[in-house]
Amino acid sequence: MKASVGDRIVVASNRIDRAVRDGLIIEIRNPDGSPPYMVEWSDTHHTAMVYPGPDARIEHPGTAPEAAEPAPAPVERIKIWHVEVHVLESERETTAHAVLRSEAVEEMEGHGRARRRQEDREIPVVGDEIAVGRALHRLGDRLISAAAGDLKAAHGHDVSVHG
């Protein structure tokens, strides 16, 4: 990986819960343009010494990006996962039942409920949003938990998966 002052560095985290970061290279330490680089991050405007990993690439102004690793292989197969949500409204309570169906994982479910207090104004869509949001959140928690269990089985020890 080689860079010059004025190039951009883009870091795409290998964790799904982290954002892609980019910054301007404001100083290089090696005459051949190899790392480390002094970078001003575009999101915080802080400067830091950066030793790029395999998740980083350099973008030279006016040229195609230089990848730290070869470009990933093209998508070979698209998977479709279906989530169906059923919402049941009663006088002051809304319940939601979310079901995930896929050929990749066993069917999973999540349930959510919202209750309106007697003195609260009736706004039906709010109860739906809360109940469905809670059902989908619980379904998401079950997916993350299943992934952690699969990784534990593969690696033989507990694995932390952040959701």
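Odds and ends about this structure:
- Some residue of the range 123-139 being outside the structural domain of ALA19 (by TED's automatic domain parsing) and in contact with a His (Cβ under 6 Å, 6 or more places away or on another chain): yes
- Subset of the range 101-125 (residues that are at pLDDT below 90 and not basic (Lys, Arg)): SER102, GLU103, ALA104, VAL105, GLU106, GLN118, GLU119, ASP120, GLU122, ILE123, PRO124, VAL125
- Test: residue in the range 99-111 that is basic (Lys, Arg), assigned to a strand (DSSP E or B), within 24 Å of the chain's Cα centre (by Cα) and more than 30 Å from ARG57 (Cβ to Cβ): yes
- Filtered by the rule that a residue be modelled with pLDDT under 85 and within 20 Å of the chain's Cα centre (by Cα), the range 44-70 gives GLY53, PRO54, ASP55.
- Of residues in the range 107-127 being free of Cβ contacts under 8 Å to residues at least 24 places away in the same chain and not basic (Lys, Arg), the one nearest to ASP150 (Cα to Cα): GLU107
- Residue check for VAL161: touching a Leu at 6+ places or on another chain (Cβ under 9 Å), without any contact (Cβ under 8 Å) to a residue 24 or more places away in the chain and either in a loop (DSSP other than H, G, I, E, B) or among the acidic types (Asp, Glu) (or both): yes
- Considering residues of the range 133-160 that are within 30 Å of VAL87 (Cα to Cα) and aliphatic (A, V, I, L, M) only, the residue surrounded by the fewest Cβ atoms within 10 Å (Cβ to Cβ): ILE144
- Filtered residue count, the range 88-102, keeping only those that are out of contact with any helix residue (DSSP H, G or I) (no Cβ under 7 Å at 6 or more places or on another chain) and surrounded by 13 or more Cβ atoms within 10 Å (Cβ to Cβ): 5
- Search result, residues across the range 1-43 that are of a type in the set (D, E, K, R) and modelled with pLDDT of 90 or more: ASP7, ARG8, GLU27, ASP32, GLU40
The values are calculated or read from the model by the stated rules, or taken from the named source; none is laboratory data. Just so you know, these numbers come straight off a predicted model, no measurement behind them. Counting neighbours? That spans all protein chains shown, and the Cβs are built from the backbone with ideal geometry, glycine included.
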